[in-house]
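The values are calculated or read from the model by the stated rules, or taken from the named source; none is laboratory data. Nothing here was measured: the structure is a model prediction, and the numbers come from that model. Methodologically, a virtual Cβ is constructed for each residue, glycine included, from the backbone with ideal geometry; neighbour enumeration extends over all protein chains shown. The area values use the complete protein model at the heavy-atom level, side chains included, leaving out ligands, DNA and RNA. Shrake-Rupley method; radii C 1.70, N 1.55, O 1.52, S 1.80 Å.
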Amino acid sequence: MGEKELSALLPDGDKLEVTDTSIVTKSGSNCDVSVDDFPAVSLTVEQVDKFYDPMSKHESFRFTNRKKMAPLPFDGSGAMGDNNIMISTSCGLPQADHLVVLLIARDKSGEDVTDHRSDMEAFMVDFVPRVKRAMACTT
């Protein structure tokens with residue numbers, strides 16, 4: 001992961017704990033990052049057989065103050081809430097025509113939500129292409 005992009009999402013603290021770090025090995029895998037027992041970041045990668053629109057009414061339950069993300073620098077579509085992002089992107093593998101990448105980034109700093117959203121977006125724009133390369137996506 002992009003260390004700089006991830007560190008912007010983590011609160012200050014003494015103890016960092018990461019669980020299930022190999023999130024690109026199978027569908028539904030996830031990685032959680034805690035700082036001083038505060039669950040700061042959760043990432044999930046799902047291999048799916050079709051495009052799931054992050055702005056569809058069926059995905060609205062995931063978000064608080066959902067907004068469509070600006071065009072991504074890779075194929076796909078994204079939506080952002082105050083503490084999370086969902087990106088659906090093509091993959092082109094027999095077992096994964098598309099990927100859905102979910103980020104939950106809990107903010108306890110009290111910083112402006114605009115800054116937090118910007119930090120989440122920077123992380124995901126860096127992270128999703130890395131996942132696609134690691135999974136050997138063809139699209």
Among 135, 86, 80, which is without any contact (Cβ under 8 Å) to a residue 40 or more places away in the chain and closer than 16 Å to residue 44 by Cα? 86
For region 7-58, the count of residues that are outside any strand (DSSP E or B) and either modelled with pLDDT of 85 or more or touching a helix residue (DSSP H, G or I) at 6+ places or on another chain (Cβ under 6 Å) (or both) equals 22
Residue check, residue 125 against (1) farther than 20 Å from residue 6 by Cα; (2) buried (at least 19 other Cβ atoms within 10 Å of the Cβ), all met but one. Which one? (1)
Could you pull out the residue among 74, 127 that is of a type in the set (A, V, I, L, M, F, W, C) and either more than 15 Å from residue 43 (Cα to Cα) or more than 12 Å from the chain's Cα centre (by Cα) (or both)? 74
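Let's see how each residue does on (1) of a type outside the set (A, V, I, L, M); (2) surrounded by 18 or more Cβ atoms within 10 Å (Cβ to Cβ); (3) more than 13 Å from residue 53 (Cα to Cα):
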{"position": "70", "(1), (2), (3)": "no, no, yes"}
{"position": "73", "(1), (2), (3)": "yes, no, yes"}
{"position": "91", "(1), (2), (3)": "yes, yes, yes"}
{"position": "101", "(1), (2), (3)": "no, yes, no"}
{"position": "107", "(1), (2), (3)": "yes, yes, yes"}
{"position": "114", "(1), (2), (3)": "yes, no, yes"}
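Residue by residue, here is whether (1) within 15 Å of residue 5 (Cβ to Cβ); (2) small (Gly, Ala, Ser) holds:
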residue: 55; (1), (2): no, no
residue: 63; (1), (2): no, no
residue: 71; (1), (2): no, no
residue: 76; (1), (2): no, yes
residue: 99; (1), (2): no, no
residue: 104; (1), (2): no, no
residue: 109; (1), (2): no, yes
residue: 116; (1), (2): yes, no
residue: 121; (1), (2): yes, no
Among the numbered criteria (1) open to solvent by 50 Å² or more (accessible area, probe 1.4 Å); (2) under 21 Å from residue 10 (Cβ atoms), which single criterion is violated by residue 40? (1)
Single match in 132, 50, 67 (criterion: charged (D, E, K, R) and touching a Cys at 6+ places or on another chain (Cβ under 7 Å)): 132
